[in-house]
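Report on the following structure.
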Amino acid sequence: MMSTDLPIRKIIHVDMDAFYASVEQHDHPELKGKPLAVGGNEKRGVVSAASYEARKFGVRSAMSGMQAKKLCPELIFVRPRFDRYTEISKKIRKIFHEYTDKVEPLSLDEAYLDVTENKKGNPSATLIAKEIRARIYEETGLTASAGISINKFVAKVASDYNKPNGQKTVNPEEVLVFLEQLDIRKFYGIGKVTAEKMYQLGIFTGNDLKAKPLEFLEEKFGKSGKFYYYVVRGYHNSEVKSNRIRKSLAAERTFSENLSSEIFMLEKLDSIAKEVARRLEKSQVSGKTITLKIKYSDFTLQTRSKTLPYFVHDKNLILETAKELLYQEKMQNSVRLLGISLSNLNTDKQTKKDPEKKAISVQLKFDF
């Protein structure tokens, strides 16, 4: 049962299946059916994506190439081709826009669509999702999964339910039961560390989470506590934003050999700053806060930031600030990755809306 005070929408979350790896297997048929990692290698680097064949061995994105190779000795590494992934992503988004202009991309391989009112005049979000997935396969040869429900949160969770190449609809009258029975690890926004903390507090399912009062969750999880309190009750009123406001822009490099000399690091920062400036120009934005990201050879991560009194997009200004941050303190170890990001952009808008706080009371009939 859901409250009639809540806006009821028909939201689809489309998520491509192992996108980068699937593109490589599609373009190189000899790789089909084989365990594949995009990015990294057996000695260094980080896996950007893994095929489903590799995932069976425990290989995951953000894992070191060395660890991935240990888990799956037959693993094949390929270099990422982001231009190709972007090209296909644009084709997929073109399909989305044939159904609705309310499309909110989250990355190259996933997006939210609001089809409450759509260009096809189709009242069934379930059928629209099915048709979109068929179109994607027909035009790209790739499979996608989808979640369909009344809000972005539930749709996002549902899209992972029948992966790969499947979809799940959670109708309005099914939302609460769906969330109550859900393993807490399946809640979008609850990572491994938070899940472990919840386990220690006796929270294993959505029903366990729902049993905890707001004050308890805020005490244990801070601002996120309020988010957990409302989403498990079906409240998540964030609209699909067709023009998402960029919050930051970054570039980074992982090195084939660890760097121990700051002179070599400065050379790398020069090219990274150049790339950041190029992306800023392309996006026509500037930023005030510059952050230097350092990943050491032992995989520990450190960030150093400085906020300037003015917006910048010039490569030289970015590089000079990055140099200042580099010399801010002594290096803890040799370095395997450096990155520069700009945040506090001139596109930022602070908009805060409190979630609805009314009790769930009336069951809705809604054609999904």
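Can you find, within segment 269-302, the residue that is farthest from Phe255 (Cα to Cα) among those that are over 23 Å from the mean Cα position of the chain (by Cα) and hydrophobic (A, V, I, L, M, F, W, C)?
The residue in question is Ala277.
Take residues that are closer than 21 Å to Ala155 by Cα and tell me which of the helices (runs of 4 or more DSSP H) falling wholly in segment 168-275 contain 1 or more.
So the answer is 175-181, 192-200, 206-210, 223-231.
Go through the residues of segment 257-272 one by one and say whether even a single one is among the aromatic types (Phe, Trp, Tyr) and outside the structural domain of Met331 (by TED's automatic domain parsing).
No: segment 257-272 contains no residue that is among the aromatic types (Phe, Trp, Tyr) and outside the structural domain of Met331 (by TED's automatic domain parsing).
Check segment 226-239 and report whether any residue there is modelled with pLDDT under 95, touching a strand residue (DSSP E or B) at 6+ places or on another chain (Cβ under 8 Å) and not β-branched (Val, Ile, Thr).
yes
Six or more apart or on different chains, Cβ atoms under 8 Å: show the pairs whose first residue is in segment 44-67 and over 21 Å from Glu30 (Cα atoms) and whose second is basic (Lys, Arg).
Listed by first residue and then by second, the contacts come to Arg44/Arg336; Ser64/Arg44; Gly65/Lys43; Gly65/Arg44; Met66/Lys43; Met66/Arg44.
Output the number of residues of segment 274-288 satisfying the condition of being surrounded by 14 or more Cβ atoms within 10 Å (Cβ to Cβ) and either out of contact with any strand residue (DSSP E or B) (no Cβ under 7 Å at 6 or more places or on another chain) or modelled with pLDDT of 95 or more (or both).
Residues in segment 274-288 being surrounded by 14 or more Cβ atoms within 10 Å (Cβ to Cβ) and either out of contact with any strand residue (DSSP E or B) (no Cβ under 7 Å at 6 or more places or on another chain) or modelled with pLDDT of 95 or more (or both): 2 in total.
Please go through segment 221-273 and pick out each residue that is loosely packed, with under 15 Cβ neighbours inside 10 Å, free of Cβ contacts under 8 Å to residues at least 40 places away in the same chain and under 30 Å from Val170 (Cβ atoms).
Gly222, Lys223, Ser224, Asn243
Yes or no: segment 51-64 includes at least one residue that is assigned to a strand (DSSP E or B) and either modelled with pLDDT of 95 or more or of a type in the set (A, V, I, L, M) (or both).
No, segment 51-64 contains no residue that is assigned to a strand (DSSP E or B) and either modelled with pLDDT of 95 or more or of a type in the set (A, V, I, L, M) (or both).
Output yes when any residue across segment 313-323 is at pLDDT 90 or above, more than 29 Å from Ser260 (Cβ to Cβ) and surrounded by 15 or more Cβ atoms within 10 Å (Cβ to Cβ), and no when none is.
yes
The values are calculated or read from the model by the stated rules, or taken from the named source; none is laboratory data. Predicted model only: the values in this text are computed from it and were never measured. Every residue, glycine as well, gets a Cβ built from its backbone with ideal geometry; the counts of neighbours run over all protein chains shown.
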